[in-house]
Every structure is written in C-alpha cells, then in structure tokens.
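A short write-up of the structure that comes next.
Nothing in this text is a laboratory measurement; each read-out follows from the coordinates by a stated rule. Source: prediction; values computed, not measured. Note that we place each Cβ from the backbone using ideal geometry, even for glycine, and neighbour counts take in every protein chain shown.
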Amino acid sequence: MNITEYWRSNKQWSKYLGKKAKVLAVSLMEVAASDQTALLPYSYLLLDLEKSKISLMGAAHQEFKIGDEVEIVLRKIKKEAQEEIIVYGLKAEKIYV
Amino acid sequence: MNIKVIGNYIGKFAELWEQSLTDLIKEGVEGVLADAQIDPKSIDAIFVANKASGSFNNQRHLGALVSEQFAHFPPAMRIEGACASGGLAMLAAEQALLSGVYKTVLVLGVEKMTDVSGSETAAILATAASREKEYGSTFPALYAILANYHMNKYGTTREQLSSVVVKNHLHAFDNPKAQFHKKFTLEDVANSAMVASPLRLLDCSPISDGVAAVILSSKPSSRKAKILGFGHGQDTLALADRQDLGRLAATEKAAKQAFLMAKLSQTDIQVAEVHDCFSIAEILAVEDLGFFAKGKAAAAIAKGKATYGGQIVINPSGGLKACGHPVGATGVKQIAFLANLIEKGKFERVLAHNVGGSGATAAVNILGI
Amino acid sequence: MKTNQVGIVAYGAAIPRHKVSTNIIAQSQGKNADVAKSLGVFSKTIPSLDEDTVTLSTEAGKIALDRFLLNKGAVKNIETLFIGSESHPYAVKPSGTVVKEALGLSNYLSMADLQFACKAGSQSLQIAAAYVQAKMVKNAMAIGADTAQARPGDALEYTAAAGAAAFILGHEANSDQLLARLSATKSVATDTPDFWRKPKESYPQHFGRFTGEPAYFKHVLMASSALLAETKLKPAEIDFCVFHTPNAKFPEQAAKILGFTKEQLAPSLVVKEIGNTYAAASLLALTAVLDVAHASAKILVCSYGSGSGADAFLFETTKNLETQRVKYKKTLAAQIAALEAIDAETYQKMRTDNEH
C-alpha cells in the first residue's frame, strides 16, 4: 500500500471502527504477499455486518471460525520498511469482553 | 453464426527459463500458422490475451509485439480480464468476426511469469482482487474463503477437494504439453504444505510460462471445430460484495448465454475445460455451469463422475492445476485443446470455461461440429 | 492550581490481549522468581506485533468516545487531543493524527504528541483540562499510552508493559455531566537524569538506585504535598490515592510517607497484573479507581515522569459516575480478567517480533 492509498483509506476507518460483525468464512494464511509476510500466520475473514459484508485481516495471534463474533479495530496491516510510513488499517478481533 | 477454429496450437507449459515473452509469442504464431496451413497475410486482426506482462516482464503494448510477427502488421489489441483474459480475447474475436469487419483473426494467449520472484508473483496475481476492499488477502486466500464457505454450507470434504487434484493430474499424464506428469494420491494432496486453510500447495495451480493460439475464421473451411455459442458474465470484484458466496454468478450468467446461443443444454456436453485455479474452483465451476447440482459436485467428482467413463470429462488437459496456468494463455489453451479433440474426432460437443479473479468475470465458449 | 467546573466526562482503558508472568521473564534471564516478588509485579501485558501506541490509544479512545456519547456528548465538540507516550512510533509525525482519523474526530483539532517519560499522559490530561477550563474548546481528549520496550536481560524487562488510557474532559457551564470534577492540579519539573533515551537508541538507559529517592520519590512527594497544601486536605479526608507504578513497591512507599493507608491505595495497583504501562500507568490506575469509587469520593492522582517531573490532580467523583458506570463494558478489570497467559516459547517469539 502506497502513501496516497493509505491516505485515502484512512477516511473510511471511523465508519467501521468498533462495529461488531460475525464471521461468514475464514482462512488461516500461511503464505502472504511480501507486505504481510512478517505478520504470518494470520487469518483472512469475510464478515457479516448485517447490512453489508466486509473482508478484513484478523488481528495477530487470533484464530477464528465461522460464527465467531468480532469487533473491527485499528491495527498495523503491513510490515513496513524502515523508511516507509507505518500502514494502519482495519482488522477484526474476537470479542473477548 | 459460422465461426470455425481453423488452427490451434499449444506450447509446452512449464518454467521455460530459456524463453522470453517474445520467444513465446513467436512460437505461438509459428505454431498456429503451421497447424492452420494458411497464408499469414490472411490474418486480418489479432487479439492478444495477457494478464500482467507489464508487471512480470516490464512490457506492455503487446498488440504491437504480436502484430510485428507478421509482414503485413495486422491490427492488434491486448485484452485483459485477469485469469479470464484468454476467454475474453475469444469473445472479442468472435464479436469482431460477427460484425463482419474481419474474416480471419488470430487469438493468442501468453504469459511469462517466472522472471520475477515468488513473492512478487503473489503480489502481481493479487491485483486480480479488489485493491481497496481485499488488501491483505492473497489469491489463494480468497478461494480459501470460498472453500471454507462451501465446506461449511454443503459439507464438501478435504478428501473431495483432493479428488479434483488427483483426477486432473491423472488426465495431464497423457498431455505432452502439460506442466506436470506426476500422479498424486489423496493423501499427497491433503498432506502438502498449507497455503491458506483449507487450501494446500497441491490444491493450487502452479506458476507457469506458456503460449496458446487459435485462428478463428468466418470463411468456409474444411476444419471441423465450430463455435456454437459463447457467453460473458460479470459480478462484483470483491467477495464481500457478492450475493451468494456459494456460487460464482458470473459463471452462471455466462453459461446461460452460451447454452442459449448454442441451443444446447448441459447434458449435450461431453467434455469441458473448466477454470480450476484451485481445487474448489473446479467444484464451483461444474456446479455453476450446471453439470452437477449445487452442493453435489464434490461428491460426484470424488466418485469418478467427472472423468472418462463418468457423466462428463472435466479438464482432460489436466486443467489449470496439472496442465499449468500461464494466466493469459489458459483461456486460449482451453479452446485450442478442445478444438484439437474435435479435429481428432474424439468429441462433438465441448465447453470451455474461463474465470477472472475470484469470479468477477467469466467467459464460456461452446464448440462442436 | 485551582480549577472550576471542569472534569472527566468519559474515560476508557485498553490493554493488549496477552500477558507474560514475571516468572517466565526471570527464567529467560536465568534468574529466580525472587526478583518478581521484590517488585510486587506478577505479570505484565505484552503487545502483538500489529499493535503499538497508536492502536492502543485508538482502542482506549474509542471506549471513551462511546461512553462520551452515552453521557450526552457530541463528537464534533472534541477539538483538542494530546497524546503522551515514550513509544510514539514516529519521531516526526504525531500518533494523534492517526488516532483522530480512526475515531472520526473533527478536522478542527488542537493536537500534538507529548513526551515526558511516564508523565506524558498525565501532562496531556492537565493540558486538556486547561483548554476546557479556558473555554477555548468545549471538550478535550487526553491519552497516555505506551508499548514499552526493555532491553532483554535488563531489570526493566520485568515490568515494561503496554497499555493506554483515554480521558475526555468537559465543563459544567456547557451542561456537561461530569463523572469526576477536577478540583486542583499541580506539576513539578527538575533536570534529574534518572532515565533517558536518545532518538537513535532502541532502549532506554537508567541510573539504578538513583531512580528512587532523588527521582521518583522527590518529585511525587513534592507535587502531592503541594497539592494537599493548596487544597488544604489531609490524607484521611481523601478516599483514594493513585501514584505512578514503575512497580508495586514505590507507590506503597509513597502512600505511606504521605500518610495514606493501604486500603486507599489498593484499587489503583493494577501494576501487579499488567506491569508498568509507562505513560498510561497512573491514568490506567485512575480508571481502575473510577470503576469502583462511590459518588463524592476524593481521589488524589500523582504521576511521575523520569527526567524528571510529576503531575498531581485532585478529583471528586459525582453521582453521575455511578449512573453512567452501569452501562460500561470493557472495564480495565474485565480486560485484565480476559488476559491470556503465554508460555516461554511464545514470549521469546513475541519479544523478537516486537524488537526495535
């Protein structure tokens, strides 16, 4: 993700932050594009937001199954090189409390 | 409609270290002209199918690159629809012929994938997905999502996914152009390295270099293979926007159009080359094309209904999985392979199915005599 | 410094999902578990590799924001955000702009990151209160957050933890329903080099026992005493006290010296389970006290920041705190109860993932 893509995407965060969703389908990824290799393994999720669906990376160190309740949070979504910006984005986290 | 496939050629699909993109193009042009036995000057136009030469090879402008293989420089254009580029190039060629502007056209599909690293390849293939809505996914992860959904909803099992792979590798054994001549057991597939659960390494089609070409003509010809019908379906780019994750609606739409045009139904089709970029993709394909009921294909394939002696032969070439998947070439290879089967008198009603991305684009062609 | 009609209208706490026991850290250092006992800390939080000060600030801020809306607040009225941390991810580009985008705060925002070691968060709180007191803005948000890193093998490894606490301030003149009124605040600062980190260094340096009496205790006692003097209050007239928690022992000693009892201090000692969350520490401890305090309770809070300084505050809770609190989920206690303990192998991996 480059700088302008990040900048355009951050306008969408507040629409989804804190929203609850249900897992419709999930895959635990063991192979990723180079941007995310350092974050492996992580889940990729298809989520039901009731009125729409969204697909997001799962929060680090969490495993999910169909039917899990999740919340949308802000996390790092890429392992950036030293000179790059830190890329934050939306992920899904299992509801724990 | 009177469009015949008057020439067909498939190059070897493999990691072709010695051949550049241009070498593959030259081979495809020479090969198909040799098969067609026509004067090169009779090619009125060229449709080039390619997904990502700009990224893989730093070379775009492929229409010009193919056109200059001919002394008379026919008009040429590149068609791109991710993995459906080949099928879409066929549709563009068919429409050009139906319009009457051209009478004989070359459709050439080519992809040279192995000049970049594995992780670069993964990133390039991921461009078939929605950049804005599917960031962080890989192509296997998106199909893994479809597999996870299908297994949960229809009870499709690990073993049934594996049976697709075993079958296609068996078929490829007899295809000299196939990338793999290696038979696998169900256990081999289920025990291969996990890529994105539930899809393992052997559930995934490989990285391949290759070229395939056909010549279509509306002029009278003694060649047997005719285009009987075609269809083109689209759906949302991102999985999250699909209506039903259990099917690829684009395939259903394309199939409906093609069968209507051909005035045929599913039971008429003897052989089909379908888009098995992953094992689950073949299961979805044969259901959405209407060969098997939704949720029933996996069991049918596992029981041998999709191979010789069964209800229909699916992917006799070995499919994308075992024949290989040089992305832009695949859709054209399907046509070339099927046309060749018809020319040899082996089958009379055949279907080619080519999908782009996780199912946003689908092209279906029905051929016969 | 006396204040008037200004106070907390919402607050939120956020800690990572995982904790590691000080026993495991001792094992990894080849030491025995006595070190943990001497610090009074039994476990600490450990962030995942996709978490940092920004993401934890966002979590705490979101909880505070949701509670603010329940307390009849309006997002557009938050026109100030200060975030204090020792682990801002950038040396240049503020954590706060990422946080404000995620929270959907107004573009009309006074915003900056602060650094003053472990008192950067409480200083943010004081500044936010000042903006509101001065009626420059209707509401202001202050966050203290850290994903503290210690050199593996260093004594600080036992306690360097991660967490964030967010507060939203309001003014009664705007009909804001305070949860806790700020009565007074006092800060001290001297050049005391007990603990420091230069920009290109990954880990801080500290000067052993110098971090005790001339640093922590001198400044905490100075600020707290000054506040007690200004408000003319005796410890017995105060219900709860909160002191910065580099470990569990220092606040116990500070409380004793000032004349507070163990019972007054107890609810604030979340450090025992979550470790030292640096710029979030005294603020997270305050959220723990707010979660249990009765109405009209007086709370003395005193942070400490190496380098050195301290911020002292006197809050008084309201009836509205008791009313609003019944709706609160994700309290610090609930998050602590949900912490998953990791084993030694996972600790090694997570520590490597988080390394600078």
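Assorted remarks:
- FRET efficiency, residue B:267 to residue C:109 (Cβ-Cβ, R0 60 Å, nearest 0.05): 0.35
- Global geometry of the stretch C:1-51, whether rounded, prolate or oblate, following the gyration tensor of its Cα atoms and the 1.5 cut on a/c: oblate
- Average projected area [Cα convex hull, chain C], square nanometres: 15.6
- Förster radius 51 Å - calculated FRET efficiency between residue C:233 and residue C:354, Cβ distance, rounded to 0.05: 0.75
- Working from the Cα coordinates of the stretch C:180-319, the gyration tensor eigenvalues give, after taking √(5λ), semi-axes of 26, 16, 13 Å in decreasing order.
- Take every pair of alpha-carbon atoms less than 8 Å apart whose residues are at least six positions apart; their mean separation over the length of chain B yields a relative contact order of 27 percent.
- Unit charges at the beta carbon, dipole of the stretch B:255-343: most positive-side option, B:320, B:297, B:272: B:297
- Fully extending the segment from residue B:60 to residue B:187 would add 41.5 nm, taking 0.36 nm per residue of separation and subtracting the current Cα-Cα distance.
- Axis of helix C:218-231 versus longest Cα principal axis of chain C: the two differ by about 20°, to the nearest ten degrees.
- Counting neighbouring Cβ atoms within 10 Å and putting the fewest first, the residues C:51, A:63 line up as A:63, C:51.
- FRET efficiency estimate (nearest 0.05) - Cβ-Cβ, residue A:11 to residue A:81, R0 22 angstrom: 0.35
- Label point at residue B:23 placed 7 Å out along Cα→Cβ; residues across the stretch B:207-228 whose backbone nitrogen lies under 18 Å: B:208-212
- Under 10 Å, Cβ to Cβ, from residue B:194 - net charge with Lys/Arg +1 and Asp/Glu -1: -1
- Computed over the protein assembly as shown, the ratio Rg/Rh where both radii use C-alpha atoms and Rh is Kirkwood: 1.12
- Net charge of neighbours whose Cβ lies under 15 Å from the Cβ of residue C:33, counting Lys and Arg as +1 and Asp and Glu as -1: +2
- Taking other residues whose beta carbon is less than 15 angstrom from the beta carbon of residue C:177, and scoring Lys, Arg as +1 and Asp, Glu as -1, yields +3.
- When chain C is treated as a GNM with alpha-carbon contacts under 10 Å, the residue of C:263, C:59, C:252 showing the greatest mean-square fluctuation is C:263.
- In plain terms, the residue of C:287, B:251, B:157 with the fewest other Cβ atoms within 10 Å comes first and the most crowded comes last, giving B:157, C:287, B:251.
- Chymotrypsin sites (Phe, Trp or Tyr not before Pro) restricted to DSSP loop in the stretch C:75-140 with at most 16 other C-beta within 10 Å: C:90, C:108
- Taking the alpha carbon gyration tensor of the stretch B:250-369, multiplying each eigenvalue by 5 and rooting it gives semi-axes of 18, 17, 16 Å, largest first.
- Cα point-scatterer Debye curve for the stretch C:193-233, base-10 log of I(q)/I(0) at q = 0.16 Å⁻¹: -0.55
- Using C-alpha pairs below 8 Å separated by at least 6 residues, the relative contact order for the stretch A:3-94 is 31 percent.
- Residues of the stretch B:241-280 with amide N under 19 Å of a point placed 7 Å along Cα→Cβ from residue B:343: B:271-273
- Estimated inter-spin distance, residue B:68 and residue A:19, nm [label 7 Å along Cα→Cβ]: 5.0
- Charge dipole of the stretch C:180-319 (Cα centre as origin; +1 on each Lys and Arg Cβ, -1 on each Asp and Glu Cβ, all else neutral): 100 debye, rounded to the nearest 20.
- Dipole magnitude for the protein assembly as shown: about 1500 debye, using +1 per Lys or Arg Cβ and -1 per Asp or Glu Cβ, origin at the Cα centre.
- Between 0 and 90°, nearest 10: helix C:281-290 axis offset from chain C longest Cα axis: 50
- Positive-end ranking of B:59, B:193, B:149 along the dipole of chain B, with charges on Cβ about the Cα centre, is headed by B:149.
- Highest-MSF residue in chain B out of B:74, B:326, B:316 [GNM, Cα springs under 10 Å]: B:74
- Bins of 10 Å, starting at 0 and running to the largest distance - Cα pair percent for the stretch B:76-176: 12, 24, 35, 23, 6, 0
- Overall form of the stretch A:3-94 per C-alpha gyration tensor (a/c, 1.5; a/b vs b/c): oblate
- Note on residue C:329 and residue C:213: the extension gain reaches 37.9 nm, defined as 0.36 nm multiplied by sequence separation minus the Cα-Cα distance.
- Overall form of chain B per C-alpha gyration tensor (a/c, 1.5; a/b vs b/c): prolate
- Using alpha-carbon coordinates, inclination of helix B:279-288 to the longest axis of chain B, degrees: 70
- Between the stretch B:31-46 and the stretch C:222-242, the Cα center-to-center distance that results, in Å: 96
- The trypsin sites (Lys or Arg not before Pro) found in the stretch C:115-197 that occupy coil by DSSP, while having at most 15 further C-beta atoms within 10 Å, are C:135.
- Each part gets one Cα centre, and for the stretch B:274-297 versus the stretch B:182-228 those centres are 14 Å apart.
- Estimated from helical segments only, the mean residue ellipticity of the protein assembly as shown at 222 nm is -9500 deg cm²/dmol, where each DSSP H run of four or more residues counts as -39500 (n - 2.57).
- Convex hull of the stretch B:1-69 built on C-alpha atoms - directionally averaged projected area, nm²: 5.7
- Evaluated with a Cβ-only charge set (Lys, Arg +1; Asp, Glu -1), the stretch A:3-94 carries a dipole of roughly 380 debye about its Cα centre, given to the nearest 20.
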